[in-house]
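For reference, the structure discussed in these notes is given below.
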Amino acid sequence: ALDPASALTALVPAAPSAESKTTPGVDETLRHDLGSIINKFQQQLRHVVTQSRGDTRLAIPNLEISNPNAAVENQAIVLEIERALENWTAVIAGAVEAEHQKMTKGHRTPLGEIEFWRARNANLSALFEQINAPRVQMMVQVMKLIDNPQLSSFNFHFGELAKLYLEAKDNVKFLTTL
């Protein structure tokens with residue numbers, strides 16, 4: 001099975017061959033330019049696919065909460081959200097720790113540095129977006145209303161995640177302009 005980037009580039013016509021009857025040197029320049037453009041395009045596609053899939057998925061309970069104040073009264077809902085919050089805290093802490101460990105690995109080339117920040121942004125953005133989804137935020141609101149003790153740990157780890165994500169997002173934005 002081809003990955004989406006390979007499948008798409010298979011649809012792009014190849015550069016003119018060396019045997020074609022055009023000016024020598026022009027074909028080589030066209031071939032190089034086209035190859036470079038296709039390579040950049042494949043990198044962007046891989047980045048988008050990775051970002052949309054995300055490496056980390058949260059187990060989000062299938063609860064529809066329209067009124068957090070009413071949900072506080074339902075003990076079954078509160079217990080399910082508490083279990084989810086405990087799981088989310090562990091997942092976030094693990095993701096943050098994994099990203100910190102990646103930071104300490106050896107020296108990188110300039111292109112490797114760009115790829116490092118793109119990968120970090122892709123990994124963290126999926127998790128960050130899941131937590132900021134309205135459904136999850138409604139569940140966090142329920143935990144705030146009951147003053148759940150796990151919430152402080154969740155907020156700490158989410159704050160660490162947010163810092164890493166924003167740093168990665170800014171670095172990707174800056175480095176892609178170079």
- Message: Using the crude model of +1 on Lys and Arg Cβ and -1 on Asp and Glu Cβ, and no other charge, please compute the dipole size for segment 122-169 relative to its Cα centre, in debye to 20.
- Response: 80
- Mind jotting down the three principal axis lengths of segment 112-178 based on Cα atoms? Whole angstrom, largest first. 48, 20, 14
- Calculate one ³J(HN,Hα) per residue across segment 124-131 by plugging θ = phi - 60° into the Karplus curve 6.51 cos²θ - 1.76 cosθ + 1.60, and present them in order as whole Hz with x for glycine and proline. 7, 5, 4, 5, 4, 5, 4, 5
- Of every hundred units of 1.4 Å-probe accessible area on segment 104-157, the number belonging to carbon and sulfur atoms, as a percent, is 61
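The values are calculated or read from the model by the stated rules, or taken from the named source; none is laboratory data. In this text the structure is predicted, and so the values were computed from the model without any measurement. Backbone-built Cβ (ideal geometry, glycine too); neighbour counts: all protein chains shown. Side chains included, ligands, DNA and RNA excluded: accessible areas come from the protein's heavy atoms. Shrake-Rupley method; radii C 1.70, N 1.55, O 1.52, S 1.80 Å.
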